[in-house]
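To start, the structure under review is shown below, and the notes come after it.
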Amino acid sequence: MPRPSYILALAWSAATAAFALPATPATPQELLKTAVEARFLGDRTGVCIAAAIVGDQPATAIVCADPANPRKLDAHTAFELGSVTKTMTSALLADLILKGGLTLDDPLSRLLPPGTKVPDFQGKPITLGHILSHRSGLPSLPGRMRPTDETNPYASLTPEQLLGSLEDVKLEAAPGTHYRYSNFAMMLLSYGLARRSGKDFPTLLAEGIFQPLGMTDAHVARLEKPGMEVQGHRSSGRPTPPWDFPGDLAGAGGVRASLTDLVHYVEGELGTRQSSITPALRLTQATVADATLPAMAMNWILVPLGGRNILVHEGSTGGFTSLVALDPENHQGAVLLADTSLANLGGLIPLGLTLLDANAPPAGFPRRRSTPGELLLSRMAGRFILAGDQKMYLEVKDGKLYAQAEGQARLELGYDSTGDFFAEDLDLIIHPVRGAKSYTFVLRQGGGQVKAERVLAEAPDAKALKALLGQYKVPTGFSVTVTAHGEQLYVQGSGQAETPVEATDKDVFYSDASGAEFTFVRNAAGKVTSLLLRQNGQTVTAVKK
């Protein structure tokens, strides 16, 4: 049955633009640059990307979303790697395993101080293999972690808080049975490896990874020399402070390194750069867990692609995103370093896979600033409940959407070409989700996401409905008649069938049949004087007779 079209007859037009296909890039460098530009050139984030392909046809490129305002970086400036660090921590453990000091079946408790209370499940302990495959059952973060600076969340974490947090954990299932990504677990491993060696963890990294592979720019603590480290940015493009990890906990995400460093690292992983750590690097690529998804090697996620496994790990901090991807079967790898947090925007894995295999799913397109339609704005407005019963309000003012979580400041939201709203001052995305009667949204922040539930308006009673009834005329002569049968409101356009509408907010009703929204407008005295009808991006005002 066709939808009734109440007032607006749409006139659709299609426009085509002639364009010339670019010449086929002649060099690996041009191919790489073109691939990165296809995803990020003109992106609203302003991100700059340092990229490399490692293998038989090596290439490097630096691409900025805004070529007119490039940021100062080169192949030797250092980016925060975030969780890519975990693969290096795995290599240090793999080296101990090869030397006969440990096995993946050893319990985590073997690396921790005597007397540390480590949770188990019905006598089954957390092993090192569970840690490396993120199947320990430990939460993402230590429960006693209390950041003193939200822009640098790990800086104030102490070993005492880390170990004490173990006492508060009760495992819900046997270790090894469920995937649950855990920075907490990897910080425990980092701390344990340092304790076992008698050296601080940055020294372990330097002696075990950086020096053997010639990673001369790599480090953990911030460098005092200006220009050696890149400024990080939120996904809105605003600068944000660096992240710091306490030394012995740095194995979860504390390494800073350059593009050149990571090219050497990938060469070590592929065996084309031989060193004392080469056997350990190769061991980290062996599958540790595949019974539940995702399949994992030692902190490498195994991604099926073209009949083979690609090993990937992505890292993200408050202002950076990184990716290392390995294709051992074809002896090649990819490195991507971004000076912007992209965790809420799809990250870098899709682009990394396309660099290794042209048949991989598309990497996406640049996110460009855009303008939301009036109907979308009106349907996004309302009251919502997030996880933990936190309330959030969305309201429209002067053609813009604003968000305000209960007890927090109101945020102005921008809009981009993918259909997402984003905060200008925070790393926060509101992704609209169309419902039967109105929109709700998924909120993405810090790499996580939560779906909001709209608080629907209570259905008005017969007395409240009576104030809305009547005929509303458009200057063109068209009219909308509003009636009620019991406590159900109906609207009827000139010459059209009567159809029910449902309340979505105070004085706001929606027709699921036509996708039209009806907003009743009151004067200062509270009397209904007109009706706004929004449909297909247009708004018509009808005055009450």
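Just so it is clear, none of the values below were taken in a lab; they were calculated from the coordinates. The structure presented is a predicted model; accordingly, all values stated were derived computationally and were not measured. Cβ atoms come from the backbone with ideal geometry, glycine included; neighbour counts cover every protein chain shown.
Before moving on, here are some points about what is shown:
- Neighbourhood net charge (14 Å Cβ-Cβ; Lys/Arg +1, Asp/Glu -1) for LEU193: +1
- Rel. contact order, % - alpha carbon contacts under 8 angstrom, at least six apart, the range 374-454: 23
- Spin-label pair THR287/GLU160, simplified geometry with 7 Å Cα→Cβ offset, distance in nm: 4.6
- Taking 7 Å steps out from each Cα toward its Cβ at GLN488 and GLN29 produces label points 7.1 nm apart.
- Taking each residue as 0.36 nm, the span from LEU141 to THR203 lengthens on full extension beyond its C-alpha to C-alpha distance by 19.9 nm.
- Residues of type lysines that LYS199 reaches as a straight line, Cα spacing below 21 Å, ignoring anything fewer than 8 places off in the same chain: LYS86, LYS99
- Residues of the range 71-97 with amide N under 17 Å of the 7 Å Cα→Cβ point at THR151: 80
- Viscosity 0.692 mPa s, 37 °C: Kirkwood-radius Stokes-Einstein D of the range 79-356 over Cα pairs, µm²/s: 175
- Ranked by the mean number of other Cβ atoms within 10 Å of their residues, highest first, the peptides 135-141, 503-509, 290-296, 186-192 come out as 186-192, 135-141, 503-509, 290-296.
- The C-alpha atoms of the chain define a longest principal axis, and helix 28-40 lies at about 40 degrees to it.
- Using the Cα coordinates of the range 462-544, the gyration tensor eigenvalues translate into equivalent-ellipsoid semi-axes of 17, 16, 13 Å, sorted from longest to shortest.
- With 0.36 nm allotted per residue and the present C-alpha distance subtracted, the TYR179-HIS331 stretch has 51.8 nm of extension available.
- Label-to-label distance for ASP389 and ARG195 is 3.9 nm, based on points extended 7 Å past Cα in the beta-carbon direction.
- When the alpha carbon gyration tensor of the range 315-409 is reduced to an equivalent ellipsoid, the three semi-axes, largest first, read 38, 17, 12 Å.
- The value obtained for the range 391-545, namely the Cα convex hull volume divided by the number of residues, is 147 Å³ per residue.
- Orientation-averaged projection of the chain equals 31.5 nm² [convex hull of Cα atoms, one quarter of hull surface area].
- The range 406-484: trypsin sites (Lys or Arg not before Pro) in DSSP coil with no more than 12 other Cβ atoms inside 10 Å: ARG410
- Evaluated over the range 462-544, the count of Lys pairs having alpha-carbon atoms less than 18 Å apart is 9 (only pairs 8 or more residues apart or interchain).
- Computed from the C-beta positions of VAL455 and SER417, the FRET efficiency with R₀ = 30 Å rounds to 0.50.
- Looking at the range 389-446, the GluC sites (Glu not before Pro) that sit in a DSSP loop and have at most 12 other Cβ atoms within 10 Å of their own Cβ are GLU406.
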